[in-house]
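Working notes, beginning with the structure itself.
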Amino acid sequence: MLTEFGKRLRIMRINRGDILKDMADKLGMSSAYLSAIETGRRNVPEDLVERVSEMYSLDVTEYRELKDLTDRAIKNINVNIGNADTARRNAALIFARNFNDMDKETAQKLVKILNKKEE
């Protein structure tokens, strides 16, 4: 079943006259791998949106839409804590252990805290 990201990506390539194999070749991947990304069996690679954007000359709206759908399609996140100090390592591990039991209010508070850092 296609993800929302996969549906949008498929529409983009069809509108540009590419079949799955054409797009996969242009991106330097197999059509099976690209299909797995579209259907959500594989996570979207970090640089895929940038590569698609460059390949198809996406405008800002298309780019943002695809980037947003990428975030929604992610099922797993790997965090490299190998070089992290003890405080950041503990924060990541505690977060991971408690993620599935976290209530919506706590998640919203964390988002606010972390977004302030980005401002």
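The values are calculated or read from the model by the stated rules, or taken from the named source; none is laboratory data. Keep in mind that what you see is a predicted model, and the values were worked out from it rather than measured. Here the Cβ is made from the backbone with ideal geometry for all residues, glycine too, and neighbour counts use every protein chain on show. Note: accessible area is taken over every heavy atom of the protein model, side chains too, but ligands, DNA and RNA are not part of it. Shrake-Rupley method; radii C 1.70, N 1.55, O 1.52, S 1.80 Å.
The table for this structure:
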| read-out | value |
| --- | --- |
| The chain - Debye-derived log10 I(q)/I(0), Cα point model, q = 0.15, 0.17, 0.19 Å⁻¹ | -0.82, -0.94, -1.05 |
| Cα centroid of segment 83-98 to Cα centroid of segment 8-45, whole Å | 35 Å |
| Segment ILE14-ASP71, length gained on full extension (0.36 nm per residue, minus Cα span) | 18.3 nm |
| Those lysines that a straight Cα-Cα span of less than 16 Å connects to LYS67, excepting residues fewer than 8 apart in one chain | LYS7, LYS75 |
| Solvent-accessible area of ASP25 with every protein chain in place, 1.4 Å probe, in Å² to the nearest 10 | 90 Å² |
| For segment 6-52, radius of gyration divided by Kirkwood radius, i.e. Rg to Rh on alpha-carbons | 0.91 |
| In degrees, nearest ten, helix 4-15 long axis to first principal axis of the chain (Cα) | 20 degrees |
| Theoretical gain in end-to-end length, ASP47 to ASP25 [0.36 nm per residue, Cα-Cα removed] | 6.3 nm |
| Net charge contributed by nearby residues that have their C-beta within less than 11 Å of VAL49 (K/R +1, D/E -1) | -4 |
| Solvent-accessible area per residue, Å², over the chain with all protein chains present [probe radius 1.4 Å] | 75 Å² |
| Length gained when the stretch ARG64-LYS104 is fully extended (0.36 nm per residue, less Cα-Cα span) | 11.9 nm |
